[in-house]
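Following: one structure in structure tokens, then a few remarks.
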Amino acid sequence: MLYLASRSPRRNELLARLDIPFQVLDMEIPEVRAADESPEDYVRRVAQDKARAGLALVAGDPDAVVLGSDTEVVLGDRVYGKPADAGDAAAMLRSLAGHTHRVITVVALAAQGRQDAVVVESEVTFAAMDEAAIAGYVASGEPMGKAGR
């Protein structure tokens, strides 16, 4: 059985599109970057932590395969996470606007006796935004619950 170790509605939707049966594991994994951890290592660790923790939850299923994933927006050495509130979302948009940043996604799989992970990195150039555009986007609610937006 395939398990998704994520609360993300977007990941759930993407996996559902594959028409493969799976179950969602509702779990909370701390997402705190260590002081000496590179952005890439941080994203990889969080995705792998999710997959391993999910596997521990379904240890009674010998055929379990658990998918854990994490995506982060990175500008320089700063990892953006999900905005805490509208003010935080606006500040993130101000700092990203007019710059090129990286989006790092790691998908990790864990099963009995095996683990693997794939890293995908994209560069995104963000258009300049004035305060009205930032305010309008934040008011739409779109940035909430998504890393770096």
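The values are calculated or read from the model by the stated rules, or taken from the named source; none is laboratory data. Keep in mind it's a predicted model, so treat the numbers as computed, not measured. As a convention, Cβ positions derive from the backbone with ideal geometry for all residues, glycine included, and neighbour counts pool all protein chains shown. Keep in mind that these areas ignore ligands, DNA and RNA; they rest on the heavy atoms of the full protein, side chains included. Shrake-Rupley method; radii C 1.70, N 1.55, O 1.52, S 1.80 Å.
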Handout entry: Among the residues listed as Ala86, Ala91, Ala64, Ala110, the single one being over 22 Å from Arg10 (Cβ atoms) and in contact (Cβ under 8 Å) with a residue 40 or more places away in the chain
Key = Ala64
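Residue check: is Ala53 over 17 Å from the mean Cα position of the chain (by Cα) and among the aliphatic types (A, V, I, L, M)? So that I can check it myself, show each step before the final result.
Details: over 17 Å from the mean Cα position of the chain (by Cα): no; among the aliphatic types (A, V, I, L, M): yes.
The answer is no for Ala53.
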Problem - Check on Leu67, open to solvent by 30 Å² or more (accessible area, probe 1.4 Å) and either modelled with pLDDT of 95 or more or part of a helix (DSSP H, G or I) (or both) - result: yes
Problem - Which numbered condition Pro143 fails, given (1) touching a Phe, Trp or Tyr at 6+ places or on another chain (Cβ under 8 Å); (2) surrounded by fewer than 18 Cβ atoms within 10 Å (Cβ to Cβ) - result: (2)
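Regarding Leu18, is this residue at pLDDT 95 or above and either farther than 13 Å from Thr105 by Cβ or more than 16 Å from the chain's Cα centre (by Cα) (or both)? Steps first, answer last, please.
Working: at pLDDT 95 or above: no; either farther than 13 Å from Thr105 by Cβ or more than 16 Å from the chain's Cα centre (by Cα) (or both): yes.
In short, no.
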Completion exercise
Filtering the stretch 16-41 down to residues that are closer than 17 Å to Thr71 by Cα and open to solvent by 100 Å² or more (accessible area, probe 1.4 Å) yields Glu28, Val32
Practice task
Scan Thr105, Thr100 and give me the residue that is open to solvent by 50 Å² or more (accessible area, probe 1.4 Å) and not small (Gly, Ala, Ser).
Solution key: Thr100
